[in-house]
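Peer 1: Just dropping this structure here.
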Amino acid sequence: MGSMKNKKKIFILEDSYIQRIQIAEDLKQEDREIILAETVAEAKEKYDMNKHEIDLFIIDLKLPDGEGIDFLKYVRESVDFTPSIIVSGLISQEIQQNGGDLCIVSIFEKPIQPYGFSKTVGMLLQ
């Protein structure tokens, strides 16, 4: 009998419904579980319920109630260094310069090119 492999958990924080669903669809696989949030507040709540079980964060920067980066700093305060991908229409210099400190491994500008994006996610989840 083969051992049951744990599902990889991908946490997507994105305020645009269409973008959120699109990313989730692009990344959906049998061995993956996707957690969706659309605000910083909702993300913190869902993160607290799944702490240290998440394998990858995909985070938009501009959200209705704050910045995706604030959520990421919140995660890092828990000594959680899970890799993160930033997806945004506007990539600030701060992100490009300080991304390493926040375990940002990749930055994708919107509109996201699905092929390169899926490939990067696949590599990070190996």
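Please treat every number below as a calculation from the coordinates, not as lab data. Treat the numbers as computed from the prediction; the structure is a model and nothing was measured. Neighbour counts run over all protein chains shown; Cβ positions are idealised from the backbone, glycine included.
Peer 1: Give the residue list of GluC sites (Glu not before Pro) in the stretch 1-59 that are DSSP loop and have at most 11 other beta-carbon atoms within 10 angstrom.
Peer 2: Numbers: sites: GLU14, GLU25, GLU30, GLU33, GLU38, GLU42, GLU45, GLU53; in loops: GLU14, GLU30, GLU38, GLU53.
Loop-located and lightly packed - GLU30.
Peer 1: Magnitude of the Cβ-charge dipole of the stretch 17-126, K/R +1 and D/E -1, about the Cα centre, nearest 20 debye?
Peer 2: 240
Peer 1: A follow-up question, please. Quickly estimate the mean residue ellipticity at 222 nm for the chain, helices only: each DSSP H run with n ≥ 4 gives -39500 (n - 2.57), and the total goes over all residues, rounded to 500.
Peer 2: Mean residue ellipticity at 222 nm (helix-derived): -11000 deg cm²/dmol.
Peer 1: Write down the Kirkwood hydrodynamic radius of the stretch 8-124, to one decimal in angstroms, obtained as one divided by the mean of 1/r over all alpha carbon pairs.
Peer 2: On the way: mean 1/r = 0.0715 Å⁻¹.
Value: 14.0 Å, from the Cα pair sum.
Peer 1: Also, quick follow-up: Residue farthest toward the positive end of the dipole of the chain, with Cβ of Lys/Arg at +1 and Asp/Glu at -1: which of MET123, GLY66, ILE95?
Peer 2: Result: MET123.
Peer 1: Shifting gears a bit: Under the Karplus relation 6.51 cos²θ - 1.76 cosθ + 1.60, θ = phi - 60°, what is the ordered set of whole-Hz ³J(HN,Hα) values for the stretch 60-73, x standing for Gly and Pro?
Peer 2: Karplus values, whole Hz, x for Gly and Pro: 7, 8, 8, 10, x, 10, x, 10, x, 5, 5, 5, 4, 5.
Peer 1: Using 0.36 nm per residue of separation minus the Cα-Cα distance, give me the extension gain between GLU30 and TYR17 in nm, one decimal.
Peer 2: Values: separation 13, 0.36 × 13 = 4.68 nm, distance 2.23 nm.
Here the answer is 2.4 nm.
Peer 1: Let me ask another. List the trypsin sites (Lys or Arg not before Pro) in the stretch 48-91 that DSSP assigns to loop (not H, G, I, E or B) and whose Cβ has at most 11 other Cβ atoms within 10 Å. Which are they?
Peer 2: Of the trypsin sites (Lys or Arg not before Pro), the ones in loops of the stretch 48-91 whose Cβ has at most 11 other Cβ atoms within 10 Å are LYS51.
Peer 1: Right, here's the next one. Going by alpha carbons, how many degrees (0 to 90, nearest 10) lie between the helix axis of 114-124 and the longest principal axis of the chain?
Peer 2: Approximately 70 degrees, to the nearest ten.
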